[in-house]
Amino acid sequence: MNTNTQNDLGRLILRVALGALVLLHGVLGYGVLAGEVLGPLMLIAGFYARIGALLVAVNMMFAIALVHMGELTKLGESGGWALELQGMFLFTSLALALLGPGRYSVNGR
């Protein structure tokens, strides 16, 4: 398997994993519809995935600012960062916004 194929498969895995996890995350409401439904579906399909990733990133920034700000500097029961899930969603979506969807997507590169 060549390097380009590996990179594209890695992007596919990141897109589908992040999209599925965010789609199933949180409570659906009108304010988060774009960030928790539309964005993840765009990521899974690879349809304007950079925009979908940015929707997820903005959604996570609002979630952290509005709901989780008190936990920003705290550790969880197991000793890890209390916001590790939200942090993973935020930084993975930012990485996908920079990397793009890869070849295995509706829009291609």
Would you point out which residue out of Gly39, Gly79, Gly70, Gly19 is at positive phi and not acidic (Asp, Glu)?
Gly79
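Tell me, which residue of the stretch 72-101 that is part of a loop (DSSP other than H, G, I, E, B) and small (Gly, Ala, Ser) is least open to solvent (accessible area, probe 1.4 Å)?
Restricting to residues being part of a loop (DSSP other than H, G, I, E, B) and small (Gly, Ala, Ser), the top hit is Gly100.
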Across the stretch 37-86, what is the number of residues that are among the charged types (D, E, K, R) and over 30 Å from Tyr104 (Cα atoms)?
3
Hey, any hits in the stretch 28-46 for a residue that's in contact (Cβ under 8 Å) with a residue 60 or more places away in the chain and open to solvent by less than 30 Å² (accessible area, probe 1.4 Å)?
yes
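Consider Ala53 carefully, then state whether it is open to solvent by less than 40 Å² (accessible area, probe 1.4 Å) and on the phi < 0 side of the Ramachandran plot. It would help to see each step written out before you state the result.
Working: open to solvent by less than 40 Å² (accessible area, probe 1.4 Å): yes; on the phi < 0 side of the Ramachandran plot: yes.
In short, yes.
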Within the stretch 44-57, does at least one residue satisfy the condition of being in contact with a Pro (Cβ under 8 Å, 6 or more places away or on another chain), under 23 Å from Leu9 (Cα atoms), in a helix (DSSP H, G or I) and of a type in the set (Lys, Arg)?
yes
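The values are calculated or read from the model by the stated rules, or taken from the named source; none is laboratory data. All figures in this text were calculated on a predicted structure; none of them were measured in a lab. Quick reminder, even Gly has a Cβ in these numbers, built from the backbone with ideal geometry, and neighbours come from all protein chains shown. The accessibility values were calculated without ligands, DNA or RNA, using every heavy atom of the protein model including side chains. Shrake-Rupley method; radii C 1.70, N 1.55, O 1.52, S 1.80 Å.
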